[in-house]
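A.B. asks: Attaching a single structure in structure tokens format; questions to follow.
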Amino acid sequence: MSALLTALGVCKNFGLTPALRGVDLSVDAGEVLAVMGPSGSGKSTLLHCLAGILLPDAGEVTFDGERVDRMPDRQRSRLRRTAFGFVFQFGQLVPELPALENIALPLLLAGQRRRVAETAAEQWLARLGLDGLGHRVPGELSGGQAQRVAVARALVAGPRLVFADEPTGSLDSVAADQVMDMFVDTAKSEGVGIVVVTHEARVAAYADRTVTVRDGRVVQPAVVS
Amino acid sequence: MTVSYALLGLLELADRHGYDLKQSYDRRFGAARPLRFGQVYRTLAQLERDGLIEIVGVEPGAGPERKRYSITAEGVTDLERWLSEPEDPQPHLQTVLFTKVVLALQSGRNAEQFLDTQRERHLAVMRELTAARRTASLQDSLLLDYQLFHIEADLRWIDHAAGRLDALVDKIQEIRL
């Protein structure tokens, strides 16, 4: 099986400071990949380069056979909207909109009819154990509930790859487990690739595979027979 | 110590034979390490000598006689006292990890590589436990969580040590043995 996303020799500098110094990695469909590393190791920069939010200074990022780093801006934006989903640590929900509309948002932006979008959003609410909470605005949800809404929004449009940057960073361990359970279930049932940046080993342990980034490189542990 | 109180706790629920007690213990607490029969009978004999349990019946069985045990009022009091007393935290030190890092640093070997390899091994075990946890009963997942949090603590130390190797190497090599 060929990888859904591959990075080859990805380098990124901020001014004179190198953030990534030649990263290789790949993600398959249905695979959960955890990216770990200390603060400032470059793991978030890596995620942004993989997702086409940042352009690498050198190296290649290929999604489904197409070079993301060579796409024009408009095409990369489209890719992010249609093929990718995103979950961040904080503040990604629209505070004025109820949970249901927050989840439906990607479908509405893609031009779906409201009724279709809201029906899909309701199905996600039920799937996440949030039935009956669709009318609440984010401020009326607990941290764990709001984060599950954010995950639903990332998944509602049927992305092929989800990028999550510290998605459990603001949650207690029980809520974190619920969010990670959902990611794994979705990856396995829908064949979605998932890249999770985390500094928590308990979160990374949900992944099929973990890579560790340090000083802008993927750490290669010695092979132990 | 823990085993005697676990048996007391099971006897508090109902009177039982030694054989039943072993089965109940294994189901509830013994996933990793089931009790041996010898240990069960030795512990029961000790509890009986201490007046915490008593024999309330003897029935002939297929093999030896089956004694039926019951917790005494004194046993209940002792169990309550044990449950209400906090335990001293155990450091659970994996001193072997510490020793390897110090030996590597003092001899100029590659401690970072050791820590990276160890991190991989810890993460692999955490992945296995997390996968098991996803299908485990609530009680089993509670035990798996306990194991996961302890391994995670090791990992945090590994990352912490890895971040300070450069400073540590000078300090450790300074110390004359």
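The values are calculated or read from the model by the stated rules, or taken from the named source; none is laboratory data. Small disclaimer: the values here were computed from a predicted structure and weren't measured. Methodologically, a virtual Cβ is constructed for each residue, glycine included, from the backbone with ideal geometry; neighbour enumeration extends over all protein chains shown.
A.B. asks: Out of (1) touching a strand residue (DSSP E or B) at 6+ places or on another chain (Cβ under 8 Å); (2) outside any loop (DSSP other than H, G, I, E, B), the odd one out for A:Ala146 is which?
C.D. replies: (1)
A.B. asks: Among the numbered criteria (1) in contact with a strand residue (DSSP E or B) (Cβ under 7 Å, 6 or more places away or on another chain); (2) surrounded by 15 or more Cβ atoms within 10 Å (Cβ to Cβ); (3) not hydrophobic (A, V, I, L, M, F, W, C), which one does A:Arg67 miss?
C.D. replies: Failing condition for A:Arg67: (2).
A.B. asks: Could you check segment A:4-40 and list, in sequence order, the residues that are outside any strand (DSSP E or B) and touching a residue at least 60 places away in the same chain (Cβ under 8 Å)?
C.D. replies: The answer is A:Leu4, A:Asp28, A:Ala29, A:Gly30, A:Glu31, A:Gly37, A:Pro38, A:Ser39.
A.B. asks: Of A:Ala120, A:Ala83, A:Ala110, which residue is closer than 27 Å to A:Ala175 by Cβ and hydrophobic (A, V, I, L, M, F, W, C)?
C.D. replies: A:Ala120
A.B. asks: Could I ask something else about it? For A:Glu96, only one of the following conditions fails: (1) under 21 Å from A:Lys12 (Cα atoms); (2) of a type in the set (D, E, K, R); (3) surrounded by fewer than 17 Cβ atoms within 10 Å (Cβ to Cβ). What is its number?
C.D. replies: Every listed condition holds for A:Glu96 apart from (1).
A.B. asks: Here is a further query. So which of B:Thr99, B:Thr72, B:Thr95, B:Thr117 is over 30 Å from B:Glu48 (Cα atoms) and surrounded by 12 or more Cβ atoms within 10 Å (Cβ to Cβ)?
C.D. replies: Step by step, each of B:Thr99, B:Thr72, B:Thr95, B:Thr117 is checked, and only B:Thr117 is over 30 Å from B:Glu48 (Cα atoms) and surrounded by 12 or more Cβ atoms within 10 Å (Cβ to Cβ).
Every residue, every condition in (1) under 22 Å from B:Ser137 (Cβ atoms); (2) under 18 Å from the mean Cα position of the chain (by Cα), yes or no:
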{"site": "B:Met1", "(1), (2)": "no, yes"}
{"site": "B:Ser4", "(1), (2)": "no, yes"}
{"site": "B:Gly9", "(1), (2)": "yes, yes"}
{"site": "B:Leu13", "(1), (2)": "yes, no"}
{"site": "B:Arg16", "(1), (2)": "no, no"}
{"site": "B:Lys22", "(1), (2)": "yes, yes"}
{"site": "B:Gly30", "(1), (2)": "yes, yes"}
{"site": "B:Arg33", "(1), (2)": "yes, yes"}
{"site": "B:Arg42", "(1), (2)": "no, no"}
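A.B. asks: Name the pairs whose Cβ atoms lie under 7 Å apart, with the first residue in segment A:187-209 and farther than 20 Å from A:Ala152 by Cβ and away from chain B (no Cβ under 12 Å), the second of a type in the set (A, V, I, L, M) and surrounded by fewer than 17 Cβ atoms within 10 Å (Cβ to Cβ), and 6 or more positions between them or separate chains?
C.D. replies: Cβ pairs passing all conditions: none.
A.B. asks: Looking at the structure I just gave you, is A:Leu50 more than 13 Å from the chain's Cα centre (by Cα) and at negative phi?
C.D. replies: Judged against the criteria, A:Leu50 is not a match.
A.B. asks: Further question: Out of everything in segment A:82-93 that is at pLDDT 90 or above and small (Gly, Ala, Ser), what residue ends up being surrounded by the fewest Cβ atoms within 10 Å (Cβ to Cβ)?
C.D. replies: A:Ala83
A.B. asks: Restricting attention to segment B:91-106, does a residue exist that is under 26 Å from B:Gln139 (Cα atoms), modelled with pLDDT of 85 or more and not β-branched (Val, Ile, Thr)?
C.D. replies: Within segment B:91-106 (the criterion being under 26 Å from B:Gln139 (Cα atoms), modelled with pLDDT of 85 or more and not β-branched (Val, Ile, Thr)), the answer is no, since none of the residues qualifies.
A.B. asks: Can you pull out the residues in segment B:130-161 that are more than 8 Å from chain A (Cβ to nearest Cβ), under 18 Å from A:Arg214 (Cβ atoms) and of a type in the set (A, V, I, L, M)?
C.D. replies: B:Ile158, B:Ala161
A.B. asks: Would you please name the residue that is surrounded by the fewest Cβ atoms within 10 Å (Cβ to Cβ), looking only at residues in segment B:124-177 that are of a type in the set (Lys, Arg) and over 30 Å from B:Ser107 (Cα atoms)?
C.D. replies: Per the stated criteria, the residue is B:Arg134.
A.B. asks: Which pairs have Cβ atoms under 7 Å, sit 6 or more apart or on different chains, and link a residue in segment B:98-123 that is more than 9 Å from every other protein chain (Cβ to nearest Cβ) to one that is part of a loop (DSSP other than H, G, I, E, B) and surrounded by fewer than 16 Cβ atoms within 10 Å (Cβ to Cβ)?
C.D. replies: Matching pairs, first to second residue: B:Ala104/B:Asn110.
A.B. asks: Just to check your reading of the model, which residue among A:Leu79, A:Leu54 is surrounded by fewer than 22 Cβ atoms within 10 Å (Cβ to Cβ) and in a loop (DSSP other than H, G, I, E, B)?
C.D. replies: Only one candidate passes the filter, namely A:Leu54.
A.B. asks: Of the residues A:Arg160, A:Arg136, A:Arg148, only one is touching a residue at least 60 places away in the same chain (Cβ under 8 Å), more than 14 Å from every other protein chain (Cβ to nearest Cβ) and more than 30 Å from B:Ile158 (Cβ to Cβ); which?
C.D. replies: On inspection, the qualifying residue turns out to be A:Arg160.
A.B. asks: Same structure, new question: Quick check on my filter: what residues within segment A:168-186 are among the β-branched types (Val, Ile, Thr), more than 8 Å from chain B (Cβ to nearest Cβ) and in a helix (DSSP H, G or I)?
C.D. replies: Correct list: A:Val174, A:Val179, A:Thr186.
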